[in-house]
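Step one of this worksheet: look at the structure below.
Taken together, the values in this text are just the output of simple stated rules run on the coordinates, not laboratory data. Source: prediction; values computed, not measured. Every residue, glycine among them, receives a Cβ derived from its backbone with ideal geometry; neighbour counts consider all protein chains shown.
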Amino acid sequence: MEEHNENVREEIFSERVRAGKRTYFFDVKSTRSNDYYLTITESKRRYKEDGYTYEKHKIFLYKEDFDKFVNALNNTVGHVKEELMPDVDFSQFERNDEERETTEASIDTELKWD
């Protein structure tokens, strides 16, 4: 068990994106030689007979690939928005996320006071 713990890297920075039943985590971690890399984790909540479990998929992204990754992601999203779905107002999804977060925050507060 201790060997596994030695391989766990300290998180330097973390950002979470909630997306319905999925949550994405963007985490900056450090290597033993004080270099940095990014992990992108998709976590999906799944129901099983005995309750919920979380299925996770992880991508490791190293500094030499940051620019290529960001460019490819931006080009791909841009293609979908501009070429495949030009009539969709993508800002509506941001509003829905903000409303959901506000609702979740009020639920959390209500639960704390019960």
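Legend: calculated FRET efficiency, Val80 to Thr31, from the Cβ-Cβ distance at R0 = 30 Å, rounded to 0.05, equals 0.30.
How much length, in nm to one decimal, is gained on full extension between Leu73 and Gln92, taken as 0.36 nm per residue of separation minus their Cα-Cα distance? Each step should come with its number before you reach the end.
Values: separation 19, 0.36 × 19 = 6.84 nm, distance 2.06 nm.
In short, 4.8 nm is gained.
Using a ≥ b ≥ c from the Cα gyration tensor of the stretch 26-86 (square roots of the eigenvalues), is it rounded, prolate or oblate, where a/c under 1.5 gives rounded and otherwise the larger of a/b and b/c decides, a/b for prolate? Kindly include the intermediate steps, with their values, before the conclusion.
Values: a/c = 4.86, a/b = 1.10, b/c = 4.41.
Taking the square roots of the gyration eigenvalues as a ≥ b ≥ c, the stretch 26-86 is oblate.
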